[in-house]
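Novice: I'd like to ask some things about the structure below.
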């Protein structure tokens, strides 16, 4: 997926579209990291700012395993502020021992500016590391990132007896360096095949904005949704 | 099954080592028995021997349950032999062990006195037989010559050591073997064997003194690098690597600055150690204050582990393209503290809080007990877990039914999909009295999705009607 879609040695920003969409943004970033880890075997570094509401919740290993992500492949850093997360994240990207580095920050991040993102971009290209900045619902800063995504939770395809189904994400590509912007996707994560599925209940975009498809061909379970926020 | 060892109370009841366990149970119905673990006994004895290193440098174990201390020149430090004995007895007694001690001129005599000098002759736990007590009065078993030889001696009419000692040694050697005479000589102090003390490997240290104090950080780091290289040579000689390194900077006015680092894996790579120390210096709350300079620097390696040489040729290429993440994590642990660098772990528990936890990476990992998810099943556990769970206001159609809508952080969520309940009972076995005492409340977990597509993990605390009249709802996690 990364090989043909997102640049694997680039910097990507993943924003939560709304106040309650942080878990969706985080999961999307983790799944990208997971795909990257699966491709080259290097572990994942997850630098998390433990401040505000984030300090009351903890990343949960069984939940990661339920998404198909191996918790043992992740080194989690709990850091006190955005400055520490940025510094540790940049160190991890420069080190090159991780396949993907998540920079998971809360709220406004004045330090996350053009210079900082430029450094991350250069380091990521040099060490072939995927750098992912994960932010909650906050105003974006000027950035040298290759892409910026707004991620919202999307209604899942209901299972029997109206049970919530596989995780679904409504994505908006709000920024792309040297490319078209504004494309929207509705993706469902299929743990068993280990790929994103373009949801069959909505027309696929006629032209893909990236160098390749973000989504694998639609296969797997068909479902019905009642609402489609991204449409 | 036979009895291997007994405590004093069991001995008083007339039980003996070597009895069948079933016979002993017949005589003492309430007998508590645990399986014999010689390896654990040996480990305990070894630990006690190390502890006795506080009393004398010459400590030797005398398996299965003896310790020999050479207290020559040590007793006066404790105020005499009797005071030393009391101090040691208290220390051992505090561990719940019974000590039978004896003091004699030779190790063999001391051992014979301690083992055969007789607690039966009314020697309370913490008294010591007089050192003048004669070894000669001990029974012939005290010779420690083996059952067969002792049997032969008994048949020949020898009852005590004195009986044997009275004879000239040549006929004894002719009849019972030269070994018997040697043992007797050692017991009587005619031959003096020495204790071979337990030895600990010398700590790895390197130190450098300067004619002129040095103050520049770069010069200090150069010296430390040289010291690390010296230590690395020592470590390589032993086939070990350091897990912890401690540097002491002695300032000319007597102040000592201490820097210490720990690594996730044993290492003797000077470049790595130096990088960690540099990181440590950078992260100091009070920067190094050299004052008028340091006049000596020492490096110690307090913790070592075996580390074997690897073939550099074969792995050099891979090492370059695939740096190990351990070095990065060590560096981050030095900068932000070991508690900041975590791995996912968890125990085999159905309690969600315990099934998934976080632990510092310097602890050994625990294997995941959770089975792989079923194909086609959506995630049943959330990505993020609230710790502690957050109370929410829930509206349900019936008090013990599924939730319909809930209010959390001031926002109303209308539930359009839900699955549950998954009932998780409280861990009553962890409480004293088991299920007799109120074990806590059951939780009914629901996976719910609101109309925006956000997925939550809610639970009702307590079964309505049976455990509580007004169950409280909590949100325990957020799904992707």
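The values are calculated or read from the model by the stated rules, or taken from the named source; none is laboratory data. Everything numeric here is computed off the predicted structure, so don't read it as measured data. All Cβ positions, glycine included, derive from the backbone under ideal geometry; neighbour counts span all protein chains shown.
Novice: For segment B:455-470, how many residues meet the condition of being surrounded by 22 or more Cβ atoms within 10 Å (Cβ to Cβ) and either within 14 Å of chain A (Cβ to nearest Cβ) or at pLDDT below 90 (or both)?
Specialist: Of the residues in that region, 4 qualify.
Novice: In this structure, does residue A:56 turn out to be in contact with a strand residue (DSSP E or B) (Cβ under 7 Å, 6 or more places away or on another chain), surrounded by fewer than 24 Cβ atoms within 10 Å (Cβ to Cβ) and within 9 Å of chain B (Cβ to nearest Cβ)?
Specialist: When the stated conditions are applied, residue A:56 passes them.
Novice: Condition test on residue A:78, is it touching a strand residue (DSSP E or B) at 6+ places or on another chain (Cβ under 8 Å), more than 9 Å from chain B (Cβ to nearest Cβ) and within 21 Å of residue B:345 (Cβ to Cβ)?
Specialist: no
Novice: Let me ask another. Does any residue in segment A:24-38 that is within 13 Å of another protein chain (Cβ to nearest Cβ) and surrounded by fewer than 24 Cβ atoms within 10 Å (Cβ to Cβ) come within less than 6 Å, Cβ to Cβ, of a residue that is at pLDDT below 95 and part of a helix (DSSP H, G or I) six or more places away or on a different chain, and which pairs are these?
Specialist: Cβ pairs passing all conditions: A:37/A:73.
Novice: Within segment A:122-149, track down each residue that is at negative phi and within 14 Å of chain B (Cβ to nearest Cβ).
Specialist: Listed by number, the residues that qualify are A:123, A:126, A:127, A:129, A:134, A:136, A:137.
Novice: Quick test of your reading of the structure: residue A:169 fulfils all but one of (1) away from every other protein chain (no Cβ under 13 Å); (2) in contact with a helix residue (DSSP H, G or I) (Cβ under 6 Å, 6 or more places away or on another chain); (3) farther than 23 Å from residue A:51 by Cα. Name the failing condition by number.
Specialist: Every condition holds for residue A:169 apart from (1).
Novice: Consider residue B:262 carefully, then state whether it is under 27 Å from residue B:360 (Cα atoms) and in the same structural domain as residue B:325 (by TED's automatic domain parsing).
Specialist: Spelling it out, residue B:262 is indeed under 27 Å from residue B:360 (Cα atoms) and in the same structural domain as residue B:325 (by TED's automatic domain parsing).
Novice: Pick from segment A:128-142 the residues that are crowded, with 20+ Cβ neighbours inside 10 Å and modelled with pLDDT of 90 or more: which of them is farthest from residue A:45 (Cα to Cα)?
Specialist: A:135
Novice: Here is a further query. Filtering segment B:18-41 down to residues that are on the phi < 0 side of the Ramachandran plot and in contact with a strand residue (DSSP E or B) (Cβ under 8 Å, 6 or more places away or on another chain), which residue is surrounded by the most Cβ atoms within 10 Å (Cβ to Cβ)?
Specialist: Filtering segment B:18-41 for residues that are on the phi < 0 side of the Ramachandran plot and in contact with a strand residue (DSSP E or B) (Cβ under 8 Å, 6 or more places away or on another chain), the one surrounded by the most Cβ atoms within 10 Å (Cβ to Cβ) comes out as B:19.
Novice: A further question follows. Given the criterion within 30 Å of residue B:374 (Cα to Cα), in contact with a helix residue (DSSP H, G or I) (Cβ under 6 Å, 6 or more places away or on another chain) and more than 8 Å from chain B (Cβ to nearest Cβ), identify the matching residue among A:101, A:93.
Specialist: A:101
Novice: Something else: Those residues that are assigned to a helix (DSSP H, G or I) and either without any contact (Cβ under 8 Å) to a residue 12 or more places away in the chain or surrounded by 12 or more Cβ atoms within 10 Å (Cβ to Cβ) (or both), I need them from segment B:1-17; list them, please.
Specialist: Scanning segment B:1-17 gives B:9, B:10, B:11, B:12.
Novice: A further question on this structure: Does residue B:165 meet the test of being modelled with pLDDT of 90 or more, surrounded by 14 or more Cβ atoms within 10 Å (Cβ to Cβ) and either touching a helix residue (DSSP H, G or I) at 6+ places or on another chain (Cβ under 7 Å) or not assigned by TED's automatic domain parsing to the domain that holds residue B:107 (or both)?
Specialist: No, not satisfied.
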